[in-house]
Amino acid sequence: MINVSANSFFNAQSSKLFTQDIAAQAQSFHQKIEGYTPTPLISLPVLAKSLGLKNILAKDESHRFGLNAFKVLGGSYALGQLLAEKLNMSLSDIDLKTVASKFDSPMVFTTATAGNHGTGVAWAAREMGQKAVVYMPKGAAQTSVERIRGLGAECIVTDVNYDDTVRLANQTAQENNWELVQDTAWDGYEQIPTWISQGYMTMAAEALTQLDGIKPTHLLLQAGVGAMAGGVLGYYADALGADNITSVIVEPENVACIYLSGTSADGEVKAVSGELNSIMTGLACGEPNPVTWPILKNCSKYFVSVGDNVTATGMRVLANPLPGDQAIISGESGAITLGLLYALAQSETGKAQAKELGLNEESVVLIFSTEGDINPASYQNIVWNGQYPL
């Protein structure tokens with residue numbers, strides 16, 4: 001099932017929170033981290049032609065700091081800002097190799113995660129000589145739990161869904177005087193989620209440089225709470241102008257809180273409750289981030305929700321390229337946008353929806369494969385064994 005809805009609230013208004021200048025500051029911070037290198041932007045012209053497009057350009061975040069996902073960009077930037085704030089220093093003056101020596105005892109950072117964000121926070125805390133306590137919702141993949149613990153963090157799996165796990169992490173942080181580093185926001189908790197979304201702009205800035213003057217016609221972004229989608233879309237709205245690119249926000253149909261908000265009568269934030277089931281665990285979030293919702297509301301041209309079989313198909317297509325294209329290992333939350341492009345070309349209904357989105361032989365589509373095979377067993381079942389066929 002693919003649901004497509006035009007955004008009636010679109011007004012192309014950019015945000016002062018997400019600008020090229022702020023992105024440059026975030027990228028400068030990331031460049032100081034040992035092992036930093038821009039992730040590749042991979043061209044898939046043969047696949048694009050087979051789908052009736054001019055080109056598909058995929059930013060492959062499986063190479064980010066050896067962590068197999070993009071999330072560390074947000075967590076590390078937020079931790080850097082928090083450390084600078086505690087030390088009353090400028091972020092640009094923070095030396096990541098020596099900052100721990102300036103504290104009598106390590107700071108403790110805590111967060112709730114479906115996997116990638118917690119991995120990023122745990123890694124960043126370790127790199128900066130601090131501590132991390134990570135909470136995961138019920139059903140969390142054991143591989144993610146072990147990866148987080150392997151980075152020196154404490155990892156606790158709860159018996160509640162993601163949004164309730166966020167509330168538990170917040171409560172525990174307050175009780176223990178820890179710093180909550182969460183990638184969604186609520187009244188009274190906006191600054192850290194803003195820093196996290198700003199950190200994600202590094203990959204958007206990298207991609208714009210790698211495009212080398214090529215102007216994408218379409219920007220497809222996946223969303224959970226919308227933290228990444230908001231930061232990246234905000235950057236391109238400032239750098240290119242929201243009127244000059246067709247931006248599409250794509251979500252799992254069972255947890256499509258951005259789609260629900262964007263198709264509501266008043267355009268206000270709407271939540272999805274319940275089990276929040278999807279194989280796209282990184283996107284299985286029921287409550288939009290109010291920090292990034294305004295930029296999604298103002299600058300997204302379409303909202304789309306899809307079934308799990310769409311992203312599963314995207315994983316298989318990326319892993320098995322046509323001759324002349326490069327393979328990309330993309331996980332469940334990473335392949336949703338490519339899966340959408342492929343699925344639209346497979347039926348008359350899909351082709352009509354592609355036409356509504358303005359996709360044609362002149363389209364240059366920019367997507368972000370935000371994770372690799374973070375759950376190897378699940379990846380193998382989907383790509384090798386054909387789980388969730390289209």
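I'd like to compare 36-45, 298-307: which one has the highest average count of other Cβ atoms within 10 Å, and what's the full order after that?
Result, highest mean Cβ count within 10 Å first: 298-307, 36-45.
Neighbour counts of other C-beta atoms within 10 Å: give me His117, His63 arranged from fewest to most.
His63, His117
Taking a 28 Å limit on the Cα-Cα distance, which of the listed pairs Lys71/Lys301; Lys71/Lys270; Lys32/Lys59; Lys16/Lys351; Lys59/Lys131 fall beyond it?
Lys16/Lys351; Lys59/Lys131, as the Cα separations exceed 28 Å there.
Would you be so kind as to identify all helices of the chain, as entire DSSP H runs, whose Cα atoms reach 20 Å or more along the helix's own axis and whose mean Kyte-Doolittle hydropathy is at least 0.5?
72-86
For the pair Asp159 and Asp266, what calculated FRET efficiency results from E = 1/(1 + (r/R0)^6), where r is the Cβ-Cβ distance and R0 = 30 Å, to the nearest 0.05?
Efficiency, from the Cβ-Cβ distance: 0.30.
Taking the beta-carbon count within 10 Å as an exposure proxy, list Trp293, Trp384 from fewest neighbours to most.
If I rank by nearby Cβ atoms, fewest first, I get Trp384, Trp293.
Consider a paramagnetic label point 7 Å from the Cα of Lys49 along Cα→Cβ; state which residues of region 297-341 have an amide N under 17 Å from it.
What the label zone holds, given the 17 Å backbone N cut-off, is 321-327.
With each label point set 7 Å from Cα along the Cα-Cβ vector, what nm distance links Ala12 and Glu190?
Placing both labels 7 Å beyond Cα along the Cβ direction yields 2.6 nm.
Using alpha carbons only, what's the Rg to Rh ratio of region 72-182 with Rh from Kirkwood?
That ratio equals 0.98.
Would you list Ser369, Ser330, Ser105, Ser8 from fewest to most Cβ contacts within 10 Å?
Fewest-to-most ranking of Ser369, Ser330, Ser105, Ser8: Ser105, Ser8, Ser369, Ser330.
I'd like the per residue volume of the convex hull spanned by the Cα atoms of the chain, given in cubic angstrom.
So the per-residue hull volume is 124 Å³.
No lab work stands behind these numbers, since they all come straight from the coordinates. Given the structure is predicted, the values throughout are model-derived calculations rather than measurements. Because the Cβ atoms are built from the backbone with ideal geometry, glycine has one as well, and the counts that use them run over all protein chains shown.
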